1. Compute the length gained on full extension between Ser181 and Asn166: take 0.36 nm times their separation in residues and subtract their Cα-Cα distance, giving the result in nm to one decimal.
2. Given a Förster distance of 25 Å, report the FRET efficiency between Cys107 and Val143 from their Cβ-Cβ distance, rounded to the nearest 0.05.
3. When ligands, DNA and RNA are left out and all protein chains stay put, how many square angstrom of accessible area per residue does region 6-61 have with a 1.4 Å probe?
4. Please list, short to long, the whole-number percent of alpha-carbon pairs of region 1-96 in consecutive 5 angstrom bins beginning at zero.
5. Mind giving me the FRET efficiency for Ser18 and Asn70? R0 is 35 Å, r the Cβ-Cβ distance, nearest 0.05 is fine.
6. Going from the alpha-carbon gyration tensor of region 72-150, what semi-axes, largest first and in whole Å, does one get by taking the root of 5 times each eigenvalue?
7. For region 133-183, what is the accessible area per residue in Å², given a 1.4 Å probe and the full set of protein chains?
8. How much FRET efficiency would the formula 1/(1 + (r/R0)^6) give for Thr93 and Ala30, where r is the Cβ-Cβ distance and R0 is 35 Å, rounded to 0.05?
Amino acid sequence: VVGASFGNSHLLVGYLPSQNRIQVLTFTPATGYAENGSFPVTMQPGDVHGARAASNGTITVYRNGQTVLNLNGSAWGGTSGGGYSGLYVSGATSATVDDFGSGNSACGGTPTPAPCPFPKAALSDDFNRPDGSALFGPWFGGVGSFAVTSNQLRIVSDGTLAWNANLGPDQEAFVKIAAYSPANGAIRLALK
């Protein structure tokens, strides 16, 4: 998310509990949101939802480190850009997440890229701090939409949250979905 502005090109990789599916959305200011694919999957509390976006347009979605969806997003105008990663949630009030990580993920190899384990990025925030702790510092955006509770991040209202590390065009993000209701809306990772 360039400059953590959701008005710029970005990628959202969401888990929709009510539909038991992963959804990939791309956004450009000129065209708005477009669904680039979805895959039926039922996550369990404690599963890790992850995504990797490469500068060549490859979008890979992971559940517990295993690939569940590969998409070619090269037609989307934001593939070569970098920016911030974070969370974008809607309709997921009272869901909790934990162990957020993000980072650059360029994986090399000649002539063909070697397998690259997921996640490559380190854990960014485990949320292990006193209840009610502020998310300022490494986080910015809609920090008021989230609250630290029992060493996890509870979703209080719809909102966005960005990790303060500007990443290159090959990036990844992941988060453990600790608890949710089947009626919850969408818990999305934001990239680029």
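1. 2.2 nm
2. The calculated FRET efficiency here is 0.20.
3. Dividing the accessible area of region 6-61 by its residue count gives 37 Å².
4. 3, 13, 24, 26, 19, 12, 4, 0
5. 0.90
6. They are 31, 16, 12 Å, listed from largest to smallest.
7. 40 Å²
8. 0.65
The values are calculated or read from the model by the stated rules, or taken from the named source; none is laboratory data. Since the structure is predicted, the reported quantities are computational estimates derived from the model, not experimental observations. In this analysis, Cβ positions are derived from the backbone assuming ideal geometry, glycine residues included, and neighbour counts consider all displayed protein chains. For accessibility, only protein heavy atoms count, side chains too; no ligands or nucleic acids. Shrake-Rupley method; radii C 1.70, N 1.55, O 1.52, S 1.80 Å.
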